């Protein structure tokens with residue numbers, strides 16, 4: 001191989017190396033940020049495990065920028081400065097969440113914030129809040145103590161289950177005849193239940209029974225309506241009875257309030273009535289006394305005849321005195337009308353004597 005060929009091959013190798021280096025610089029170096037437009041966004045994290053310069057920043061798995069600087073901050077913990085491409089827009093209702101894979105590579109995912117914030121675009125240099133997703137290895141480590149406690153609890157539970165099984169076995173051994181008897185009774189009960197179900201099925205499958213059952217079901221609304229009407233009538237009767245009782249109470253209440261005075265008046269009236277009856281009894285005895293005037297008048301015919309004659313004479317005398325009384329009445333009337341006729345002038349002038 002001549003020297004010119006070797007130099008050509010070395011030149012080709014150097015040119016290829018330069019091209020590959022340029023391509024790597026374009027893909028992973030600062031040149032893309034110089035070529036593409038970016039803006040700065042800061043993220044405030046309490047901690048930033050695994051985050052370094054050039055850590056990717058993604059939205060729904062899409063790379064939108066990279067971390068440019070990681071600094072400790074006394075107020076928030078860690079302040080991360082990132083460069084975001086201009087074609088991707090972040091909003092104030094989003095936060096950065098640090099996550100990682102099982103291999104330990106960190107990534108910042110942009111996710112919606114849990115707190116309500118305005119949906120406004122982030123300006124250059126603005127700061128967004130950040131949170132840290134729990135590391136799977138840390139989660140497994142924290143679960144180790146809980147797993148040991150759970151295993152101990154399972155072991156205790158297994159021991160208790162074994163003890164319970166032993167007690168159950170002893171109980172079964174001690175009561176084996178009774179258990180067999182219970183099983184036999186259960187089988188007999190199941191047999192009787194099957195028989196009852198079969199009888200019920202045969203009864204229900206009877207066409208006449210079906211017809212009667214259907215008629216009963218059809219008449220059930222009418223019966224319920226009649227019962228409702230009866231209940232309504234009973235309710236009305238009870239309301240009437242309540243009103244009557246209320247009216248009766250209105251009558252008996254005053255009687256109850258005036259009861260002592262009414263009883264006193266009744267007692268006094270009864271005493272007076274007893275006195276009147278006593279006097280009436282005495283008067284009756286006087287009338288029925290054989291020596292009394294009324295008894296003699298009723299029992300002595302001669303005395304009755306004398307009294308009858310006397311009454312007859314008085315009636316006759318009154319008839320004879322009636323003309324005289326009429327004349328006296330006429331005379332008194334005339335005297336009242338013409339008193340002057342009883343003077344001298346009355347003696348001189350005559351008068352017919354007619355009223």
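The values are calculated or read from the model by the stated rules, or taken from the named source; none is laboratory data. What you see is a predicted model; the values in this text were computed from it and never measured. With ideal geometry, Cβ positions are generated from the backbone for all residues, glycine too; neighbour counts draw on all protein chains shown.
Please enumerate the residues belonging to the range 69-105 that are over 20 Å from residue 40 (Cα atoms) and surrounded by 11 or more Cβ atoms within 10 Å (Cβ to Cβ). Working first, answer last.
Start the filter on the range 69-105 by keeping residues that are over 20 Å from residue 40 (Cα atoms), which leaves 74-75, 99-105.
99, 100, 105, listed by residue number.
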Candidates 105, 2, filtered to the one that is at pLDDT below 90, over 60 Å from the mean Cα position of the chain (by Cα) and in the same structural domain as residue 128 (by TED's automatic domain parsing)
105
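Only one residue in 231, 263 is at pLDDT below 80 and not in a loop (DSSP other than H, G, I, E, B). Which one? Walk me through how you get there before you give the answer.
Details: 231 fails: at pLDDT below 80.
It is 263.
Out of the residues in the range 106-122 that are without any contact (Cβ under 8 Å) to a residue 24 or more places away in the chain and in a loop (DSSP other than H, G, I, E, B), state the one that is surrounded by the most Cβ atoms within 10 Å (Cβ to Cβ).
Per the stated criteria, the residue is 113.
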Hey, can you tell me all the residues within the range 158-214 that are over 45 Å from the mean Cα position of the chain (by Cα) and outside any helix (DSSP H, G or I)?
175, 206
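Hey, which of the strands (runs of 3 or more DSSP E) in the range 46-93, taking only ones fully inside, have at least 3 residues that are out of contact with any helix residue (DSSP H, G or I) (no Cβ under 6 Å at 6 or more places or on another chain) and closer than 12 Å to residue 107 by Cβ?
Working: elements: 56-59, 62-73, 77-85.
By residue number, 56-59, 62-73.
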